[in-house]
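J.: Below are the structure tokens for one structure; questions will follow.
The values are calculated or read from the model by the stated rules, or taken from the named source; none is laboratory data. Note that this is a predicted model, so its numbers are computed, not measured. Quick reminder, even Gly has a Cβ in these numbers, built from the backbone with ideal geometry, and neighbours come from all protein chains shown. What goes into the accessible areas is simple: the full protein's heavy atoms, side chains included, and nothing from ligands, DNA or RNA. Shrake-Rupley method; radii C 1.70, N 1.55, O 1.52, S 1.80 Å.
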Amino acid sequence: MTDVTELDDDLLSVDPAVPEILPLLPIREPVYFPHNIFPLFVGRDKSIRALEEARGHDRYIFLVAQRQMAIDDPTSEDIYQVGTVAEVMQVLNLPDGTVRVMLEGQARARIREYLQSDPFFRVRIELLPEAEERSAEVEALMRSVITQFQQVVELGKDIPPEALVQVVNIDDPGRLADTIIPYLHLRPKVERMQDLLETISVRDRLEKLNFILKKETEVLEIQRNIRNKVEKEMGDTQREFILREQLKAIQQELGERDDRGSEIDEYREKIQNAKMPEEVEERALKELDRLEKMPFQAPEGVVVRTYLDWLTALPWTTSTEETLDIPTAQEVLDQDHYGLAKVKERILEFLAVRKLTQEMRGPILCFAGPPGVGKTSIGKSIARALGRKFIRVSLGGVRDEAEIRGHRRTYIGAMPGRIIQGIKTTGSNNPVFMLDEIDKLGMDFRGDPSSALLEALDPEQNNAFSDHYLEVPFDLANVMFITTANLLDPIPPALKDRMEVIHFPGYTEDEKLAIARDFLVPKQRKENGITEEHLVFTDDGLMKIIREYTREAGVRNLEREVATVCRKVAKEVASGKTDQVTITENDIKPFLGMRRYHYGRAEEMDEIGAATGLVYTEFGGDIVSVEATLMKHHELKLTLTGQLGEVMKESAMAALSYVRSRARVLNFPDDFFDRMEVHIHVPAGAVPKDGPSAGITMATALASAVTRRAIRKDVAMTGEITLRGKVLPIGGVKEKVLAAHRAGMKVVLLPRENERDLEEIPQNVQDDLEFHFVDHMDQVLQLALVESPRPSPAYASASPGTA
Ligand code: ADP
């Protein structure tokens, strides 16, 4: 019983004013006894009418149980004879149309006669007073009942402790019995409760209650013994099982179990199937336990579920079988790629060493080179050759350590980092894992992603890589990491040290042609659903695309242009306009529009003050035109524009100093520069440029401006300059030479020490170009400047040309 409150004795004494005729309210369970205050929910129409009747008169109503709970509209036959007269204390109309009433039980009574049955029952009653002598026996029974009730409470029966206080203070034997009975949850309920209600004799009632309580104590004691035994004898798991079953029962009682139970069971099964290491499984089960104890809708449940989803989805011990056979690997690499002989050789060596040492440990491969040279696709081939899965994750713009290592779970929307995400995607713990653009990794206040990356890549530590989100370590030791970079300089040194760099230098025109013909065209035809019957490219058609629609070290844009042609042809074929197209040199324009680059002419003619330099950017080698002009000024001033970096600015100053020091050789007055503004500009957009290798180019442009001798348009150059005009070696020779070749230059000036790099350059490119290796700037000027000076402009008075 709920809502039982302590009340004054007077209040509960039977009111002699109880009328003889009362409205009757049939109740489904006879749980209401005199001497108690209790709530009752009334929903049936007839019952509500009876209640209204009571409220309208003297507030008394007669509650009698029906014999069977299930009957909705009982007749007098279905209703017991004995019930409880109660007084209506409070009525609350609920929004769903039912009514909650507080009643106070007053006395037992019996039905004498049904007076009406519609719209509600009205009966004549006879009160059943319980006058009884207070014998010693009754006294003894009362004490026994109280003691046993105490015991029952102590043995853990689900009874609120305040009930005990209430009971101990009751002096009236009948009331004592009636107060205790509802707490005992007797079964079968209706019959036994009704029996106690109909036991008018207080002595008999106490005796019955005494017997019931005795039984109850015995049962509770046995239960306690079993529980103790269970706790002592059973292992933890069994105990857990029993407790879990109990929990289930409670949840079922609360109506929470069904969905919940199956969800929990599902997770348990998933955890068992995930083949986790022991430590992880323990962790997962612990979380599952937390989930089970949470209310179903608890917001935290979402967090736990997501976490469990991650734990169960990761390939903790799932791997693909590795097939490491060098001849097969070679075959696969050759099948997928044209050329790249040196790259393939290095990769095969790397794999061979691994096979011999049976070790995953060792350096990480780093593929360095401009975009579109096949880094990713070689990575895929390696995976294919080894029978491993392949995943590529870009690190470009990653500044936050958490992107590598995950956010802690307390963070809203937390997720594991990119490494673990990648591993999940592949579903295997030994994929080839390509970390793209490692040179674009940033660093700021949110922590240093490169140190997290280091941990992932370091074979000494990565068998227990800790992701902040997962909290449990993941073994990355079997993953084969390959990194890629466009440039090596920006890579943090600690990372660079771990890596074995393989350079992808970029392709010559002939190589591009072969790649397009043998790989890109067939691939794009297939992707666009056409065949050789529909579309053929001639070599000169492809060459025109290479020369006039792309300018790149790799073949990415070339592939895009080929794809555009394939798509357009596919459309024509599909719409029945044509069924066969051949793309020659003359058919490109309708498909790709106007040409984008002017092949073969970097400068239209020999110019004064404009020299062609060779630079190395993240897109590969390129040519740039360096310009120098002179303007009168009250003192010497050097202006540099074109987003030059610090190193490049210093080289510009060195170039100026060199040129000034050569006044005699170049034939201009010593004080020529004293009243001159020197402006050096390196065009080509807003791209920041840096590095020392434009030194000789700037010096040449400046010398040309001073001497009024034009610079040969077909000469390209690269080299660092010292103050005294020495030419020092530079990097990226192959890329730069290919760029010069691509741009149609004829003469290339390189530092003497770079001569050995020439062997990397394909023979056909070497044949097309004239190389000069220089030690000193004087040689550069001799080769680059035309002999005779042109007439001077405005500052002619100071110009050496007319001196
Ligand atoms: P990267 O990763 O270096 O930017 P990709 O691997 O994405 O370049 O290469 C771009 C495209 O060019 C891909 O479709 C690739 O298959 C193709 N490709 C690049 N190099 C070769 C080659 N040597 N042989 C065949 N196809 C190539």
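Quick grid of which residues meet (1) away from the ligand (no atom under 16 Å from the Cβ); (2) over 30 Å from ILE420 (Cβ atoms); (3) aliphatic (A, V, I, L, M); (4) free of Cβ contacts under 8 Å to residues at least 12 places away in the same chain:
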{"position": "GLU471", "(1), (2), (3), (4)": "yes, no, no, no"}
{"position": "LEU476", "(1), (2), (3), (4)": "yes, no, yes, no"}
{"position": "ASN486", "(1), (2), (3), (4)": "no, no, no, no"}
{"position": "GLU511", "(1), (2), (3), (4)": "no, yes, no, no"}
{"position": "ALA516", "(1), (2), (3), (4)": "no, yes, yes, no"}
{"position": "GLN524", "(1), (2), (3), (4)": "no, yes, no, no"}
{"position": "GLU533", "(1), (2), (3), (4)": "yes, yes, no, no"}
{"position": "ASP540", "(1), (2), (3), (4)": "yes, yes, no, no"}
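J.: I would also like to ask the following. Could you go through the range 339-360 and let me know if any residue there is outside any helix (DSSP H, G or I), at pLDDT 90 or above and either out of contact with any Gly (no Cβ under 9 Å at 6 or more places or on another chain) or acidic (Asp, Glu) (or both).
T.: no
J.: Moving on to the next point. So, in the range 331-379, of the ones that are polar (S, T, N, Q) and away from the ligand (no atom under 12 Å from the Cβ), which residue ends up surrounded by the most Cβ atoms within 10 Å (Cβ to Cβ)?
T.: Here the residue is THR357.
J.: Return the total of residues in the range 370-414 being assigned to a loop (DSSP other than H, G, I, E, B), under 23 Å from ASN478 (Cα atoms) and not hydrophobic (A, V, I, L, M, F, W, C).
T.: The qualifying residues number 4.
J.: Of everything in the range 615-635 that's at pLDDT below 80 and of a type outside the set (Ser, Thr, Tyr), which residue is nearest to ILE711 (Cα to Cα)?
T.: Looking at residues that are at pLDDT below 80 and of a type outside the set (Ser, Thr, Tyr), I get GLY621.
J.: Restricting attention to the range 99-158, which residues are farther than 22 Å from HIS35 by Cα and within 60 Å of the chain's Cα centre (by Cα)?
T.: Answer for the range 99-158, where residues must be farther than 22 Å from HIS35 by Cα and within 60 Å of the chain's Cα centre (by Cα): VAL99, GLN151, GLU154, LEU155, GLY156, LYS157.
J.: Next up: Since HIS503 meets every condition but one in (1) open to solvent by less than 40 Å² (accessible area, probe 1.4 Å); (2) within 25 Å of HIS337 (Cβ to Cβ), which condition does it not meet?
T.: (1) is the only condition that HIS503 fails.
J.: Among the residues of the range 562-596, which ones are within 16 Å of the ligand (Cβ to nearest atom) and open to solvent by 20 Å² or more (accessible area, probe 1.4 Å)?
T.: Correct list: THR564, ARG567.
J.: When the residues of the range 82-121 are narrowed to those that are among the polar types (S, T, N, Q) and free of Cβ contacts under 8 Å to residues at least 40 places away in the same chain, which ends up least open to solvent (accessible area, probe 1.4 Å)?
T.: Within the range 82-121, the first condition is being among the polar types (S, T, N, Q), and the residues that meet it are 84, 90, 93, 98, 106, 116-117.
Next, only the ones that are free of Cβ contacts under 8 Å to residues at least 40 places away in the same chain stay: 90, 93, 116.
Values: GLN90: 106, ASN93: 115, GLN116: 51 Å².
Among those residues, the one meeting the criterion is GLN116.
J.: So, of the residues in the range 386-405 that are within 16 Å of the ligand (Cβ to nearest atom) and in contact with an Asp or Glu (Cβ under 8 Å, 6 or more places away or on another chain), which turns out to be farthest from PRO492 (Cα to Cα)?
T.: In this case the residue turns out to be ARG392.
J.: Under 6 Å between Cβ atoms, which residue pairs at least 6 apart in sequence (or on different chains) link something in the range 35-59 that is hydrophobic (A, V, I, L, M, F, W, C) with a partner that is modelled with pLDDT of 85 or more and in a loop (DSSP other than H, G, I, E, B)?
T.: Every condition considered, the pairs that remain are ALA50/PHE120.
Okay, residues lined up against (1) crowded, with 17+ Cβ neighbours inside 10 Å; (2) under 27 Å from ASP768 (Cβ atoms); (3) touching a residue at least 60 places away in the same chain (Cβ under 8 Å):
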| residue | (1), (2), (3) |
| --- | --- |
| GLY645 | no, no, no |
| SER651 | yes, no, yes |
| ALA663 | no, no, no |
| LEU666 | yes, no, yes |
| THR707 | yes, no, yes |
| ILE711 | yes, yes, yes |
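J.: Kindly list, by first and then second residue, each pair from a residue in the range 494-508 that is away from the ligand (no atom under 12 Å from the Cβ) to a residue that is modelled with pLDDT of 90 or more, limited to pairs with Cβ atoms under 6 Å and residues at least 6 apart or on different chains.
T.: MET499/CYS366; GLU500/LEU365; VAL501/CYS366; VAL501/ALA368
J.: Residue under question is ASP325, and the condition is that it be acidic (Asp, Glu) and within 16 Å of the ligand (Cβ to nearest atom); does it hold?
T.: It is false that ASP325 is acidic (Asp, Glu) and within 16 Å of the ligand (Cβ to nearest atom).
J.: A further question follows. Which pairs turn up if I take residues in the range 370-391 that are over 18 Å from ASN430 (Cα atoms) and look for partners that are near the ligand (Cβ under 7 Å from one of its atoms) and basic (Lys, Arg) with beta carbon separation below 7 Å, at least 6 apart in sequence or on another chain?
T.: What qualifies is PRO371/ARG556; GLY372/ARG556.
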